[in-house]
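Remarks on the structure that follows.
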Amino acid sequence: MWYRGGCHCGAVQFEVEAPERIACEDCNCSICAKSGYLHLIVSKSRFKLLQGEESLTTYSFNTGTAKHLFCKICGIKSFYVPRSNPDGYDVNVRCLEPLPANLDIRTFDGRNWELHGAKLAHLSRDE
């Protein structure tokens, strides 16, 4: 099914295709833990930016592979291109409206990303 989402101020709006029961990761790395990000990684074909491309700004660190996209107006990162899946998008489930009732939240050890990052690679593949 298709879910709608966006940033706090509404400048950035998107749709993402995901199952009715969403499996997502709760990462303990510093950027995710501090922002409360719940990860839903999908292929590019399952994501549509509806509006707000001009309102996005990019932050990269470490290897520079991940492209963290923030709304320039309100500062919310509602989705980004993840290092583990540069061929897809990682949507913050907490930015979906309304928040889906059926969530399967799994813990992910992002503090030790080099040991565990490869476990996410399959998530952006179309099945």
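What the table shows:
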quantity	calculated
Index of the failed condition, Thr63 passing every other in (1) surrounded by 19 or more Cβ atoms within 10 Å (Cβ to Cβ); (2) at pLDDT below 95; (3) β-branched (Val, Ile, Thr)	(1)
Flag for Phe70 being under 17 Å from Ala33 (Cα atoms), under 8 Å from the mean Cα position of the chain (by Cα) and not acidic (Asp, Glu)	no
Of all residues making up region 103-127, the number that are in a helix (DSSP H, G or I) and in contact with a helix residue (DSSP H, G or I) (Cβ under 9 Å, 6 or more places away or on another chain)	5
Residues of region 84-122 satisfying the condition of being surrounded by fewer than 21 Cβ atoms within 10 Å (Cβ to Cβ), under 11 Å from the mean Cα position of the chain (by Cα) and farther than 17 Å from Ala33 by Cα	none
Conditions (1) part of a loop (DSSP other than H, G, I, E, B); (2) at pLDDT 95 or above: number failed by Pro100	(2)
Total residues in region 1-49, condition under 13 Å from the mean Cα position of the chain (by Cα), polar (S, T, N, Q) and either modelled with pLDDT under 95 or surrounded by 20 or more Cβ atoms within 10 Å (Cβ to Cβ) (or both)	1
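The values are calculated or read from the model by the stated rules, or taken from the named source; none is laboratory data. Just so you know, these numbers come straight off a predicted model, no measurement behind them. Because the Cβ atoms are built from the backbone with ideal geometry, glycine has one as well, and the counts that use them run over all protein chains shown.
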